[in-house]
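Engineer: The structure follows.
The values are calculated or read from the model by the stated rules, or taken from the named source; none is laboratory data. For clarity, every value in this text was computed on a predicted model and none was experimentally measured. Note that we place each Cβ from the backbone using ideal geometry, even for glycine, and neighbour counts take in every protein chain shown. Heads up: the accessible areas ignore ligands, DNA and RNA and are worked out on the full protein's heavy atoms, side chains in. Shrake-Rupley method; radii C 1.70, N 1.55, O 1.52, S 1.80 Å.
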Amino acid sequence: MAQNFDVIVIGAGPGGYVAAIRAAQLGLKVACVEREHLGGICLNWGCIPTKALLRSSEVFHLMHRAKEFGLSVEKPGYDIDKVVERSRGVAKQLSAGVGHLLKKNKVTVIMGAATITAPGKVSVKTDKGTEELTAKSVILATGARARNLPGLEADGKRVWSYKHALKPPHMPKKLLVIGSGAIGIEFASFFNTLGVDTTVVEVMDRVLPVEDAEISALAKKQFEKQGMKIMEKATVKSLDRKADKVIAEIESGGKTEKVEFDTVISAVGIVGNVEDLGLEKLSVKIDRTHVVTDEFCRTGVEGLYAIGDVAGAPWLAHKASHEGVMVAELIAGGHPHAIKPNSIAGCTYCHPQVASVGLTEAKAKEAGYEVKVGRFPFIGNGKAIALGEPDGLVKTVFDAKTGELLGAHMIGAEVTELIQGYVVGRTLETTEAELMETVFPHPTLSEMMHESVLSAYGRAIHF
């Protein structure tokens, strides 16, 4: 006998569990199916544990700078096992919290692998057998996994994926990171800060290639200042794996060289988890491993939605969560607003941090806008100097004709927290006039946001 629900959510990551909770809050009977971990990759093997690791490396970095602050620390050191143990503890605590929230909201949680056998019908293989579920609406929130390129596959020994890097089997001495997106550059930053000889290879013409070119250039300068070797417009052609080392064949500038490393991290993108779900049978359209949806996450199959990483870019946990809420409200008969990808902030927690929202200067010009661009450096901000963080930049891009805030781009201390101010501004369709009239508290890093807006119109005060 099949169990009947109003909504079945497949996947309990930041998209799935949030969708399940919101649907339950709206009075719907909800089942959430998860094959591995409550909280998904983000909470267990991604966003959260990496931030815990990066916090440890940040504290270690500050310990070495103690003299600047009139403090003394003798022989700073670290225990990588303890660093990892703390990271895993943080993930475990939050995963348990997700379980509590689902239970509190009376969501039925089923641990197992789900397959959609027909519209509105889901079969779940569990440890105890197979359970049959039915519902008018099904939400796919199955996420994504690391991409493996031929010859660069992770083996968990000398070549790692992000999962291996989160629980390193050994501490690298000489590390190669393939890919300089958020995942690659965060691990590069973590290990480099702990004293590992780190090289980053990026196939595009700059690190953090989705960011504004000016921000990418400043990031590269800071990474190199910290001792990283950055290779742009470069390709890892092959990896020759030995018991205690890996010899990488790297092509750059028309030349090929072989370089020896003891560890490699492959961070060359992700692929959506679309296999073994029965999607082909339902004629769900899939493009490059991602489910194709409209702006309301509808797949074209009646009652079937797809949210989060499996539904394509931007591959961000907060995007997944917001889509989960939107779809739950849609199913419950509401009229939510569609998500605007250009108003979703991207954050990278390397050192220094990088954050952005909206169009880059180049993209704005490509789209035909006449732009006004403002910049304000951290060195002109009192709080940044007091913190000992004078390196950084806040950049704003406006439509010269209407004053619309087209984009904002930042590099420096705590910019992942600051960016939300501009996100709110874009959501409220704020122009430069409202931002100029807003009173920012002093002394704060946020004052640079105000000054950057003023700068775009030739009115900056402190620089």
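Engineer: In whole percent, and with a 1.4 Å probe on the protein chains, what portion of the accessible area of segment 311-363 is carbon and sulfur?
Structural biologist: The value for segment 311-363 is 58 percent carbon and sulfur by accessible area.
Engineer: Using θ = phi - 60° and the Karplus form 6.51 cos²θ - 1.76 cosθ + 1.60, what ³J(HN,Hα) does each residue of segment 28-35 get, whole Hz, x for Gly and Pro?
Structural biologist: 8, 8, 10, 10, 10, 9, 9, 8
Engineer: Still on this structure, please answer the following. Which ³J(HN,Hα) values, rounded to whole Hz and listed in residue order, are derived for segment 282-289 from phi using the Karplus coefficients 6.51, -1.76 and 1.60 in 6.51 cos²θ - 1.76 cosθ + 1.60 with θ = phi - 60°, glycine and proline given as x?
Structural biologist: Taking θ as phi minus 60°, the curve returns 8, 6, 6, 7, 10, 10, 6, 6 Hz for segment 282-289.
Engineer: Could I ask something else about it? Packing-wise, with mean Cβ within 10 Å as the measure, how do 255-263, 219-227, 124-132, 41-49 rank, highest first?
Structural biologist: Per-residue Cβ counts within 10 Å, averaged per peptide and sorted highest first, yield 41-49, 219-227, 255-263, 124-132.
Engineer: Return the percentage of antiparallel bridges among DSSP beta bridges fully within the chain, rounded to the nearest 5 %.
Structural biologist: In the chain, DSSP labels about 60 percent of beta bridges as antiparallel.
Engineer: Ordered by packing density, taken as the mean number of other Cβ atoms within 10 Å over each peptide's residues, highest first, how do 158-165, 144-151 rank?
Structural biologist: The peptides rank, most packed first, as 158-165, 144-151.
Engineer: Convex hull over the alpha-carbon atoms of segment 359-455: what's its volume per residue in Å³?
Structural biologist: Roughly 83 Å³ of hull volume per residue.
Engineer: Moving on to the next point. Please give the per residue accessible area of segment 383-454, computed with a probe of 1.4 Å over protein heavy atoms only, in Å².
Structural biologist: Spelled out: the 1.4 Å probe surface of segment 383-454, per residue, equals 41 Å².
Engineer: In whole Hz, what ³J(HN,Hα) sequence does segment 220-234 give by Karplus (6.51, -1.76, 1.60; θ = phi - 60°), x for Gly and Pro?
Structural biologist: 4, 4, 5, 4, 5, 4, 7, x, 6, 9, 10, 10, 9, 6, 10
Engineer: Within a Cβ distance under 9 Å of ALA141, other residues only, what is the Lys/Arg minus Asp/Glu net charge?
Structural biologist: Cβ neighbours under 9 Å give a net charge of -2.
Engineer: Right, next: Where Lys and Arg each count +1 and Asp and Glu each count -1, what net charge lies around ALA24 among other residues with Cβ under 14 Å from its Cβ?
Structural biologist: +3
Engineer: Rounded to the nearest whole Å³, what is the per residue volume of the convex hull around the Cα atoms of segment 282-420?
Structural biologist: Per-residue hull volume (Cα only) is 145 Å³.
Engineer: Still on this structure: Using per-residue counts of other Cβ atoms within 10 Å, averaged over each peptide, order 404-410, 95-101, 32-38, 241-247 from highest down.
Structural biologist: Highest to lowest by the protection proxy: 404-410, 32-38, 95-101, 241-247.
Engineer: Taking just the C-alpha trace of the chain, give me its Rg and Dmax in Å.
Structural biologist: Just the Cα atoms of the chain yield Rg and Dmax of 23.5, 71 Å.
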